[in-house]
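Student: First the structure, which I've put down as structure tokens, then a few questions once you've had a look.
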Amino acid sequence: MRALALAGGIAACAGFSQFPEYSQQYYQRLSGAVDELAVIVADFDRDATALGLDRGAAIQQLELGSAMGEARALSMSRVFKRHDRLSEDLSQLQGRTSLERAFTPWRFTEPKLAQETLADFRPAVPLTFEGIGFAAMGLAVGYGLISIVLGFLANLFRRKDRAPQVN
């Protein structure tokens, strides 16, 4: 049982140790996405301002136009919402350590960014203090969880073997 628990601990150690690198790569993609969306938002706002409109009025005018105008109003509304959401995530992750980022997992949930980060992610040897710290946490969590599960299963089977005997 200890060997299985140690194997589980080592597997979790390897997995946890990758979080600092993953969070850094996700953060970089998030920053790039926010920058690109900001360009689109600024262009839209500049066009609206040139026509004497604010963003809301410009969207309303698009909605009143053709089917293309309605579709564009809808897509721009999604762009504004995504820009706001990703900007908030970026501001909450800026300047934080990997450990602090680990306690805000909902900031890593943009599906497209998460998929792209995972697709390009290559495991790294954790030579930083944070990487080693995450590796140690992974070892403890993995070893502990596997020990608990195996202990529970062992007790379950022992109880069946110790069924009261009738004389």
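Student: Membrane-span-like helices in the chain: DSSP H runs reaching 30 Å or more (Cα, own axis), mean Kyte hydropathy at least 0.0? All intermediate terms of the calculation are to be shown ahead of the outcome.
Tutor: Details: long enough: 19-50 (45 Å, -0.29); 67-93 (39 Å, -0.55); 129-161 (47 Å, 1.01).
Counting only whole DSSP H runs, the qualifying helices are 129-161.
Student: Can you give the translational diffusion coefficient of segment 80-127 in µm²/s, computed by Stokes-Einstein from the Kirkwood radius over Cα pairs at 4 °C and 1.567 mPa s? Provide the component values of the computation, followed by the final result.
Tutor: Working: Rh = 12.2 Å.
Diffusion coefficient, whole number: 107 µm²/s.
Student: From Cα coordinates alone, what are the radius of gyration and Dmax values for the chain in angstrom?
Tutor: Gyration radius and largest Cα-Cα distance of the chain: 25.5, 97 Å.
Student: Okay, helix-only estimate at 222 nm for the chain: each DSSP H run of n ≥ 4 adds -39500 (n - 2.57), divide by all residues, round to 500 deg cm²/dmol; what do you get?
Tutor: Working: 7 runs with 132 residues, N = 167.
-27000 deg cm²/dmol, from helical runs alone.
Student: What ranking of E63, E116 comes out by heavy-atom accessible area, probe 1.4 Å, highest first?
Tutor: On the way: E63 95, E116 65 Å².
Sorted descending by solvent-accessible area, the residues read E63, E116.
Student: Between I132 and F152, what is 0.36 nm times their sequence separation minus the Cα-Cα distance? Round to one decimal in nm. Don't skip to the answer; put the middle values down first.
Tutor: Numbers: separation 20, 0.36 × 20 = 7.20 nm, distance 2.99 nm.
Gain on extension, I132 to F152, equals 4.2 nm.
Student: Oh, and also: Counting only other residues whose beta carbon sits under 12 Å from that of R78, what net charge do I get with K and R as +1, D and E as -1?
Tutor: Details: positive: R72, K81, R82, R85; negative: D84.
Charge balance near R78 sits at +3.
The values are calculated or read from the model by the stated rules, or taken from the named source; none is laboratory data. Values in this document were obtained by computation on a predicted structure and should not be read as measured data. Every residue, glycine as well, gets a Cβ built from its backbone with ideal geometry; the counts of neighbours run over all protein chains shown. Note: accessible area is taken over every heavy atom of the protein model, side chains too, but ligands, DNA and RNA are not part of it. Shrake-Rupley method; radii C 1.70, N 1.55, O 1.52, S 1.80 Å.
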